[in-house]
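Asks: What follows is a single structure, and I will ask about it in a moment.
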Amino acid sequence: MTTKINLLIVLSLLCVGLISCGEPEVPAIGEAPSEEPTPTPTPTPLPDGVDADIPENAALFFRLGSRWEGYSEQTPFEKWQGCELANSPTPMPGSPSTASCQLTIPEGQMYHSDIEFKMGTRFPELCPVIEFQPYYYRRSTAAISMIDDDGDTNTPEVQSGGYIPPGKEDRIDCQNGKVKECWGGAAPSMLEKFPEDRFKYFLTLGHQQTTFVLKSENSLRYYGGYNVNYLVTNDLNPADRLVTETSTSDLKERVSNTYRDHNVRCKNYWGETLFSLTIIISDENMDGAESGTAHDDYPDWN
């Protein structure tokens with residue numbers, strides 16, 4: 001009897017140590033456990049990719065940047081200037097909201113720098129498509145002709161006319177306008193199929209901001225290695241755009257009414273332009289404040 005009593009005392013002590021010796025309480029099906037579960041954190045919204053300095057009401061924006069040639073692609077571009085158009089009031093199709101931006105970079109830095117064209121929107125529902133037209137103009141419409149220069153029909157004829165691009169020796173036929181080198185400006189170097197293609201575009205529903213990069217004139221040598229900034233600058237005054245210039249002495253040869261500025265435009269779902277920014281880029285000359293003498297060592301259009 002004493003042994004049974006001692007055994008009961010030991011079992012009782014074990015039950016006290018385990019808090020409960022009964023069956024654990026299981027919630028009924030569908031019944032919430034008595035202890036609150038740890039809440040799942042709300043996912044952080046993915047960023048829209050738009051730079052923090054872009055105004056919240058920017059329906060269309062543009063930023064110009066430069067980076068010295070030869071620097072790593074991971075080196076950020078130096079931001080210069082920019083402009084934007086606000087989303088309010090929302091323009092009607094056929095009457096877009098427009099603005100012109102005057103931007104500049106020191107001339108030597110421009111010549112030796114890759115140029116970044118950054119653009120986008122904070123309202124992709126307004127601007128599902130953004131187009132970027134780099135500036136361009138037609139250099140020549142001259143055709144190549146074959147002439148007999150010695151009167152001997154047995155000797156080959158020689159080429160005459162046509163156009164010789166800067167830094168080149170061979171003539172090209174520019175009559176039909178299909179040869180890239182018959183054109184000047186940024187577009188021939190930025191668009192692989194220019195002049196068939198005249199602009200780039202991107203869809204903002206995937207990302208609201210993008211950049212396009214133009215390599216430096218010093219590396220491209222599109223103007224024959226001369227120290228000029230015609231590759232990027234498009235500051236030719238309106239009156240001179242109406243004039244055909246055939247002289248190639250200063251590399252400003254051009255055909256009238258073919259000059260097209262840098263342009264960024266927002267298009268809606270129906271392909272109609274709602275917002276448009278015309279970008280005029282010039283280079284900044286040394287004004288003489290540093291040396292007492294003004295210099296223009298890398299000519300632009302003015």
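Asks: Zone of Glu284 (label point 7 Å along Cα→Cβ, backbone N under 14 Å): which residues in the stretch 103-141?
Replies: From the stretch 103-141, the list is 103-111.
Asks: Going through the stretch 197-294, which GluC sites (Glu not before Pro) have at most 16 other Cβ atoms within 10 Å and a DSSP loop state?
Replies: Glu272, Glu290
Asks: Which FRET efficiency, nearest 0.05, do Glu245 and Asn57 yield, Cβ-Cβ r, R0 51 Å?
Replies: About 0.75, to the nearest 0.05.
Asks: What is the spin-label model distance, in nm, from Gln102 to Thr75 if the labels are put 7 Å beyond Cα along the C-beta direction?
Replies: Distance between the two pseudo-spin positions: 3.1 nm.
Asks: Take every Cα-Cα pair in the stretch 95-224 and report what % of them are more than 21 Å apart.
Replies: 58 percent
Asks: With labels modelled as points extended 7 Å from the Cα through the Cβ direction, what inter-label distance (nm, one decimal) is found for Asp170 paired with Asn227?
Replies: Simple spin-label model gives 3.1 nm for this pair.
Asks: Ignoring solvent entirely, what values of log10 I(q)/I(0) come out of the Debye formula for the stretch 143-302 at 0.10, 0.15 Å⁻¹ when each Cα is a single scatterer?
Replies: Ignoring solvent entirely, the Cα scatterers give -0.52, -0.98.
Asks: Read phi for every residue in the stretch 56-62 and hand back ³J(HN,Hα) as whole Hz from Karplus 6.51 cos²θ - 1.76 cosθ + 1.60, θ = phi - 60°, with x for Gly and Pro.
Replies: Result, ordered by residue: 5, 9, 7, 6, 8, 9, 9 Hz.
Asks: Work out, in µm²/s and without decimals, the Stokes-Einstein translational diffusion coefficient of the stretch 79-143 at 37 °C, 0.692 mPa s, Rh from Kirkwood over C-alpha pairs.
Replies: Rounded, D is 212 µm²/s.
Asks: On to the next question. By its C-alpha gyration tensor, with a ≥ b ≥ c as the square roots of the eigenvalues, how is the stretch 243-302 shaped: rounded for a/c under 1.5, else prolate for a/b larger than b/c, else oblate?
Replies: In terms of gyration-tensor shape, oblate.
Asks: While we're looking at this one, here's another question. Test of understanding: ordering Phe275, Phe212, Phe62, Phe132 by Cβ neighbours within 10 Å, fewest first, what list do you get?
Replies: Phe212, Phe132, Phe62, Phe275
Asks: Treating the beta-carbon of each Lys and Arg as +1 and of each Asp and Glu as -1, no other charges, what is the dipole magnitude of the stretch 200-302 about its Cα centre, to the nearest 20 debye?
Replies: With Lys and Arg at +1 and Asp and Glu at -1, about 780 debye.
Asks: Where does the charge balance sit around Glu196 when Lys and Arg score +1, Asp and Glu -1, over other residues with C-beta under 10 Å from its C-beta?
Replies: +2
FYI, it's all coordinate maths here, none of it is from the lab. Here the structure is a predicted model, which is why all the values come from computation and not from measurement. Counting neighbours? That spans all protein chains shown, and the Cβs are built from the backbone with ideal geometry, glycine included.
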